[in-house]
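Following: one structure in structure tokens, then a few remarks.
The values are calculated or read from the model by the stated rules, or taken from the named source; none is laboratory data. For clarity, every value in this text was computed on a predicted model and none was experimentally measured. Cβ coordinates were reconstructed from backbone atoms using ideal geometry, including for glycine residues, and neighbour counts include every protein chain displayed. Quick note on the areas: whole protein, heavy atoms, side chains included, nothing else; ligands and nucleic acids left out. Shrake-Rupley method; radii C 1.70, N 1.55, O 1.52, S 1.80 Å.
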Amino acid sequence: MKNNTSILMGGVGGQGIVLASRLLAHVIQAHNHELKISEIHGMAQRGGSVITYVRFGREVFSPLIEPGQADYILAAEKLEAWRWLPYLRRGGTMVCSTQEIKPVPVITGKQEYPKTIMEKMQALAEEGTIGRLYAVNALEIAEKCGQPKAATVALIGVLARSLPFPCESYLAALKAIVPTRHLAANEKTFLAGYNYFTE
Amino acid sequence: MKRVLLSGNEAIARGAYEAGVRFAAAYPGTPSTEVLENIAAYKEIDAHWAINEKVALEEGIGASFAGARGLVAMKHVGLNVAADPLMTFSYTGVNGGVVIVVADDPGMHSSQNEQDSRQYARFAKVPLLEPADSQEAKDFVKIALEISEEYDTPVILRSSTRISHAQSLVALAEREEVSLRPYEKSTKRVMMPAFARPRHVKVEERLGLLGRYAEKAPVNRIEWRDRKTGVICAGICYQNVREALPDASVLKLGMCYPLPVQLIRDFAAGVDRLYVVEELDPFLEEQIKAAGIDICGKEIFPTVGEIHPNLIAEKITGRPLTAPLIAADPETPVPARPPVLCPGCPHRSVFYTLKREKMVVSGDIGCYTLGALSPLEAIDTCICMGASISAGLGFEKGNPEMRGKVVSVIGDSTFFHSGMTGLADVVYNGGSTLTVILDNRTTAMTGHQDNPGTGRTLKGEYTAAIEIAPLCRALGVKRVREVDPYDLKTLREAIREEAKAGEPSVIVSRRACVLLDKSDKGYYEINGEKCTACKACMVLGCPAITAGESGMTIDPSLCAGCGVCVQVCKFNAIKKAGGEDEK
């Protein structure tokens, strides 16, 4: 029997991936699991890909997640979803923002932003390679809730539906981590994500 | 007891606090930076950013001699800078215990090389501990200090990116106050030949004693499971081995130098096949083989990069744990997302100008190393902290035809770290290179640490700020001028004039890091009627400017309002949003 759960979170520098992992860590800790988180800092701060691994359960050894191992991927940007998709296990869950942020090689015209990412992921979901695919316009949700910078929190809301923790644990984590002046908008954004596929 | 989630670096800081450390110093460097940032929160510890790692260690040595427990932290290449005091500190030994934290970067997530710093333990003949998670990172600081005082030696605590930047749960303890040891004058601290010779004898004796300690040290332990396969490992490799081979027997080393040879012999005798899994050099393997023990290591594992669980499983059992969900799709390739200079970065215009002037750019270590990437591609070299100025002088000495064509580019913090000596050498030895000091008022790359130019300390207290321009004049440079890098024309003229000056010259390009500058400068937009899509602005490599099918656009959410693009547009097509056309 599998001892643990692996969640890979990817995005672009500045999208709040590190905050997302802190939120999740708070929730997981509240439920007394073993927990390891691995982040890559440094040059990634300067608009590069940001990647965080969260692993929890009865026993966790390596903090790393390898290709084919992630039970869940949360991708705050579409190209990043495509970049990290090989890391998902067969039948795993992909929560992905439809937002596009062009990387410099695309901006300068050296490479093209792939146009068919969503279609390809849909096809993989239909054949069961991706177990569940949740594509979300997270930026729009967050804008409607008054805090466009909280888009990743909407994705956490979507992901939360699949994880074995109650909604209140996430709200408690938001309260503990998000500065008071941004709390209301973050809570609203989280709940909008949480209810996105159930309404 | 309730456990808290700490990164390896936070845990090391906590360990210093709990172990009664009184003094700590470091120079920032990924992945070690957060050790001192977290120590700074403890009022019981006098902690500061040192100007470089050598200075940090020497301060640690002084604090130790004065009787205090100390911690000094650095990234792997920082230990090269601090190697000189380390080698002789090994001879003098300590008074108060000293732990030297060094964080390696296998895989080079943010470093210029992936040297294996364990070699320094053997080189300096000092013990080395290697934690495998945050709990051990904290606990090993205390053990290191006890070993340091018991065996009269500095102790290296080796971390790596995956330990320093991984978080796991840690049980905390109270601080144990350790009183200052009395200071007594002794020739053991005066390392001139007559006094150093007997100390070397002590060092060799000490190694023997430490080897005996290692045999019974609780940080080295055998975990007997299935006896068919036995693996010797330490640090992050321990976690990866347990992940890959949950049933294998493991000899987990917490102390990687000197090795517990008898314990290794016992373990070897108890298993059918013996492996050593270690990233980078065959450091353990060579010592184990030298002891006459048959073991398999680098025959099957690389000496390059990280060693992850799948690779361990594949090499030892013949099959990886998992395989990629989908193969790379040649129809839908994934564009890279390299790090870039931020929108509004004050370095951008400097590299833009140097590229246009076709200068050979002797570069250095910092955010500005990104000036080497497309589309700026302005930097020719990047070696180590401070190398820009000295290598720049070497260019013109090696090939006199390059005189006047070479510019050395260095950041403010890097200049203080080890650029000043190079600049003095340019003056002393009749160089003519232009040095551009990118003074963005911070140590930006590692996350905005203070430095001797900022007027603030690690603890956030105000202090004297060293001004760069007068410092350069004091070093003998007669031609020193300050330029605002957002003023492209003045910058270009300054670079043209100073590069041709025929004598040492310095341009201080002075403008605060855009991430620290909170002033609202508005944003710019493209006038689609005037824009000819000539793409001149694209040469800046600003992430806010995009070439679309219907001409250029500026993303208002990214634009920092620096206005540099306005100055490169020949068609007056870029204007401030809500304002009049400029230029």
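As a test question: what accessible area, to the nearest 10 Å², does B:Arg348 have when a 1.4 Å probe is rolled over all protein chains in place?
Estimated to the nearest 10 Å², B:Arg348 gives 10 Å².
Aspartates and glutamates near B:Lys355 by alpha-carbon distance under 17 Å, same-chain residues fewer than 8 away left out - which ones?
B:Asp364, B:Glu377, B:Asp380, B:Asp487, B:Glu493, B:Glu497, B:Glu498
Expressed as a fraction of 2.2 N^0.38 Å, the rule-of-thumb size for a compact globular protein of N residues, what is the C-alpha radius of gyration of the stretch B:461-583? Walk me through the numbers before you get to the answer.
Working: Rg = 18.0 Å, N = 123, 2.2 N^0.38 = 13.7 Å.
Scaled against compact globular proteins, the figure is 1.31.
Just the ratio, please: alpha-carbon radius of gyration of the stretch B:280-401 over 2.2 N^0.38 Å, N its number of residues. Please list the in-between numbers first.
Numbers: Rg = 22.6 Å, N = 122, 2.2 N^0.38 = 13.7 Å.
The value comes to 1.66.
What are the radius of gyration and Dmax of the stretch B:164-224, computed over its Cα atoms and given in Å?
When restricted to Cα atoms, the stretch B:164-224 yields Rg and Dmax of 19.0, 50 Å.
More than 37 Å apart: what percent of Cα pairs in the protein assembly as shown qualify?
Values: 144188 of 305371 pairs.
I get 47 percent for the Cα pairs in the protein assembly as shown exceeding 37 Å.
Kindly identify residues of the stretch B:433-462 having a loss of at least 50 Å² in accessible area between the isolated chain and the assembly of all protein chains, probe radius 1.4 Å.
In the stretch B:433-462, residues shielded by partner chains: B:Met445.
If you stretched the chain out fully between B:Thr490 and B:Val190, how much longer would it get, using 0.36 nm times the residue separation minus the C-alpha to C-alpha distance?
Details: separation 300, 0.36 × 300 = 108.00 nm, distance 5.35 nm.
Here the answer is 102.7 nm.
On the first, second and third principal axes, largest extent first, how far apart are the outermost C-alpha atoms of the stretch B:221-317 in Å?
Result for the stretch B:221-317: principal-axis Cα extents of 31, 27, 22 Å.
Scattering from the C-alpha atoms of the stretch A:1-108 alone, worked out with Debye: what is log10 I(q)/I(0) at q = 0.15, 0.23 1/Å?
One equal scatterer on each Cα of the stretch A:1-108 leads to -0.61, -1.30.
Give the span of the stretch B:348-510's Cα atoms along each principal axis, as three whole-Å numbers ordered largest to smallest.
Result, largest extent first: 48, 36, 30 Å.
Counting only protein chains, not ligands or nucleic acids, how are B:Asp152, B:Asp520 ordered by accessible area (probe 1.4 Å), most first? Don't skip to the answer; put the middle values down first.
Working: B:Asp152 40, B:Asp520 140 Å².
Largest accessible area first, the residues go B:Asp520, B:Asp152.
Which three extents, in whole angstrom, do the alpha-carbon atoms of the stretch A:4-194 cover along their principal axes, largest first?
45, 37, 35
Which order do A:Met9, B:Met420 take by accessible area at a 1.4 Å probe, largest first? Before the final figure, lay out each step's value.
Working: A:Met9 0, B:Met420 55 Å².
Largest accessible area first, the residues go B:Met420, A:Met9.
222 nm [θ] for chain A, helices only, -39500 (n - 2.57) per DSSP H run of 4+, per residue, to 500?
Working: 8 runs with 78 residues, N = 199.
Value at 222 nm, helices only: -11500 deg cm²/dmol.
Helix B:134-151 versus the longest principal axis of chain B: what is the Cα-based angle in degrees, 0 to 90, to the nearest 10?
With rounding to tens, the tilt is 60 degrees.
List the GluC sites (Glu not before Pro) in the stretch B:143-176 that DSSP assigns to loop (not H, G, I, E or B) and whose Cβ has at most 13 other Cβ atoms within 10 Å. Which are they? Let's see the in-between values first.
On the way: sites: B:Glu146, B:Glu149, B:Glu150, B:Glu174, B:Glu176; in loops: B:Glu174, B:Glu176.
Counting only loop positions with at most 13 other Cβ atoms within 10 Å, the GluC sites (Glu not before Pro) in the stretch B:143-176 are B:Glu174, B:Glu176.
Give the residue list of GluC sites (Glu not before Pro) in the stretch B:500-565 that are DSSP loop and have at most 14 other beta-carbon atoms within 10 angstrom. Please report the intermediate quantities before stating the final value.
On the way: sites: B:Glu525, B:Glu529, B:Glu549; in loops: B:Glu529, B:Glu549.
Those that pass, being in a loop and sparsely packed, are B:Glu529, B:Glu549.
Quick one: pull the percent of accessible area on the protein assembly as shown belonging to carbon and sulfur, 1.4 Å probe, ligands and nucleic acids left out.
Working: 16190 of 30700 Å².
Carbon and sulfur atoms account for 53 percent of the accessible area of the protein assembly as shown.
Leaving out ligands and nucleic acids, and using a 1.4 Å probe, what accessible area per residue does the stretch B:348-510 come to in Å²?
Values: 6290 Å² over 163 residues.
Dividing the accessible area of the stretch B:348-510 by its residue count gives 39 Å².
The stretch A:50-159: percent of C-alpha pairs farther apart than 24 Å? Please report the intermediate quantities before stating the final value.
Values: 1788 of 5995 pairs.
In whole percent, the long-distance tail amounts to 30.
For the interface of chains B and A, what total accessible area is buried with a 1.4 Å probe, rounded to the nearest 100 Å²?
4800 Å²
I want to verify the translational diffusion coefficient of the stretch A:135-199 in µm²/s; compute it with Stokes-Einstein, Rh as the Kirkwood radius over Cα pairs, at 37 °C and 0.692 mPa s. Don't skip to the end; give the middle numbers.
Values: Rh = 11.4 Å.
The calculation lands on 289 µm²/s.
Rounded to the nearest 500, what is the 222 nm mean residue ellipticity of chain B from helices alone, with -39500 (n - 2.57) per DSSP H run of 4+ residues and division by all residues?
Details: 19 runs with 190 residues, N = 583.
One gets -9500 deg cm²/dmol as the mean residue ellipticity at 222 nm.
How big is the accessible area of B:Arg189 in square angstrom, nearest 10, if you roll a 1.4 angstrom probe over the protein chains?
My reading of the accessible area for B:Arg189 is about 50 Å².
Tell me which residues come under 5 Å, amide H to amide H, from B:Val506 once H is placed; ignore anything under 5 positions away on its chain.
B:Thr435, B:Arg479, B:Val480, B:Arg481
Give me the 1.4 Å probe accessible area per residue for the stretch B:221-317, excluding ligands and nucleic acids, in Å². Can you show the working numbers first?
Values: 3350 Å² over 97 residues.
Result: 35 Å² per residue.
Students sometimes get this wrong: rank B:Trp224, A:Trp82 by accessible area, probe 1.4 Å, all chains present, largest first. Kindly include the intermediate steps, with their values, before the conclusion.
Numbers: B:Trp224 105, A:Trp82 15 Å².
Ranking B:Trp224, A:Trp82 by accessible area, largest first, yields B:Trp224, A:Trp82.
Past 26 Å, Cα to Cα, is the threshold; run B:Lys125/B:Lys289; B:Lys138/B:Lys459; A:Lys102/B:Lys521; A:Lys144/B:Lys575; B:Lys54/B:Lys358 against it and keep the listed order. Don't skip to the answer; put the middle values down first.
Details: B:Lys125/B:Lys289 19 Å; B:Lys138/B:Lys459 22 Å; A:Lys102/B:Lys521 24 Å; A:Lys144/B:Lys575 30 Å; B:Lys54/B:Lys358 36 Å.
The pairs that break the limit, which is 26 Å between Cα atoms, are A:Lys144/B:Lys575; B:Lys54/B:Lys358.
Taking θ as phi - 60°, what are the ³J(HN,Hα) couplings along the stretch B:205-214 by the Karplus curve (6.51, -1.76, 1.60), each to the nearest whole Hz, with x for Gly and Pro?
Running phi through 6.51 cos²θ - 1.76 cosθ + 1.60 with θ = phi - 60° gives 4, 4, 4, x, 5, 5, x, 5, 4, 4 Hz.
What Kirkwood hydrodynamic radius, in Å, does chain B give when the mean of 1/r is taken over all pairs of distinct Cα atoms and then inverted?
Numbers: mean 1/r = 0.0380 Å⁻¹.
Computed over Cα pairs of chain B, the Kirkwood hydrodynamic radius comes out at 26.3 Å.
If you wrap the stretch B:524-576's Cα atoms in a convex hull and average its projection over all directions, what's the area in nm²?
Working: hull surface 12.5 nm².
Answer in nm², one decimal: 3.1.
With the alpha-carbon atoms as the only input, what is the per residue convex hull volume for the stretch B:192-271 in Å³?
Values: hull volume 7.2 nm³, N = 80.
Convex hull of Cα atoms, per residue: 90 Å³.
Under 5 Å between amide H atoms, partner at least 5 residues away or on a different chain: which partners does A:Val50 have, H built in plane at 1.01 Å?
A:Gly11, A:Val12, A:Gly13
log10 I(q)/I(0), Debye, Cα-only the stretch B:70-188, no solvent, q = 0.12, 0.16, 0.21 Å⁻¹?
Values, matching the q order: -0.46, -0.79, -1.21.
Ignoring ligands and nucleic acids, what accessible area does B:Thr442 show with a 1.4 Å probe (Å², nearest 10)?
For B:Thr442, the solvent-accessible surface is approximately 10 Å².
What are the ³J(HN,Hα) couplings of the stretch B:61-70, residue after residue, when phi is run through the Karplus curve with 6.51, -1.76, 1.60 and θ = phi - 60°? Round to Hz, x for glycine and proline.
Listing the rounded values in order: 5, x, 4, 5, 4, 6, x, 9, 6, x Hz.
Which one of A:Pro148, A:Pro63, A:Pro114 has the biggest mean-square fluctuation once chain A is modelled by GNM with Cα springs under 10 Å?
A:Pro114
For the stretch A:4-194, what is the accessible area per residue in Å², given a 1.4 Å probe and the full set of protein chains?
Values: 7030 Å² over 191 residues.
Per residue, the stretch A:4-194 has 37 Å² of solvent-accessible surface.
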